[in-house]
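Worksheet: the structure to be examined is printed underneath.
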Amino acid sequence: MHRIACKGAIYTVTFQEKVRQVLQEKEVPLDKAIRSLNICSKELEPYITQPQGMLEYGRNVIYRNQQVEVIVVYLPPFAKTLVHDHGFSKGEVYVVQGSLLNLIYHKDLSVNKIESYKADESFHVQGDTIHLMFNPTPFEVISFHVYSPPLAHNQTYPAEGRE
Ligand SMILES: [Fe+2]
């Protein structure tokens with residue numbers, strides 16, 4: 001049987017199964033659901049994907065049902081995501097490993113504010129939140145994202161924005 005030790009607990013189900021069990025409860029707020037998963041970076045290792053094509057970061061949709069979509073993001077050292085919004089979805093981003101900067105943009109793509117998050121911290125995005133995530137460190141960053149409803153109509157923006 002597959003066993004993963006994580007934060008003092010031993011799990012005998014896969015991480016994907018754990019995610020499915022927690023997120024099939026419809027009324028649980030996303031931040032609470034993520035906390036209850038007790039995620040550690042080791043159990044996310046099988047879901048880390050390398051950057052593909054033009055993207056500087058790895059993006060892996062590990063679970064989706066009618067209510068939610070779950071994505072594991074891997075930001076190599078000094079990598080950033082595209083500037084993007086989230087369509088009509090709200091989301092919660094939980095930093096599993098490393099530290100990142102969250103750059104939030106105005107509609108005209110000028111920078112509104114820059115937030116800093118480290119492992120075990122999380123932040124919220126709305127559908128119309130325009131942002132990018134940047135790893136300013138020489139270390140790998142892993143983040144865990146849950147969106148509800150599943151992402152659709154989300155857009156990327158050509159510019160990196162202006163300071
Ligand atoms: Fe985002």
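The values are calculated or read from the model by the stated rules, or taken from the named source; none is laboratory data. None of these values were measured; they are calculated from a predicted model. Cβ sites come from the backbone with ideal geometry, for glycine too, and all protein chains shown count toward neighbours.
Quick rundown of the values:
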quantity	calculated
Of all residues in the stretch 94-146 being of a type in the set (Ser, Thr, Tyr) and buried (at least 21 other Cβ atoms within 10 Å of the Cβ), the one that is nearest to the chain's Cα centre (by Cα)	Ser143
Test for Pro138: is it within 15 Å of the ligand (Cβ to nearest atom) and in a loop (DSSP other than H, G, I, E, B)	no
Qualifying residue in the stretch 15-25 (condition: farther than 23 Å from Gly98 by Cα, assigned to a loop (DSSP other than H, G, I, E, B), of a type outside the set (A, V, I, L, M) and modelled with pLDDT under 90)	yes
Unmet criterion (only one of (1) within 14 Å of the ligand (Cβ to nearest atom); (2) within 25 Å of Val19 (Cα to Cα); (3) not hydrophobic (A, V, I, L, M, F, W, C)) for Arg64	(1)
Filter result (surrounded by fewer than 18 Cβ atoms within 10 Å (Cβ to Cβ) and more than 11 Å from the ligand (Cβ to nearest atom)) within the stretch 70-88	Pro76, Pro77, Phe78, Phe88
Check on Gly91, under 15 Å from the mean Cα position of the chain (by Cα), in contact (Cβ under 8 Å) with a residue 12 or more places away in the chain and away from the ligand (no atom under 11 Å from the Cβ)	no
Count - residues of the stretch 94-112 that are away from the ligand (no atom under 15 Å from the Cβ), assigned to a strand (DSSP E or B) and farther than 12 Å from Thr137 by Cβ	3
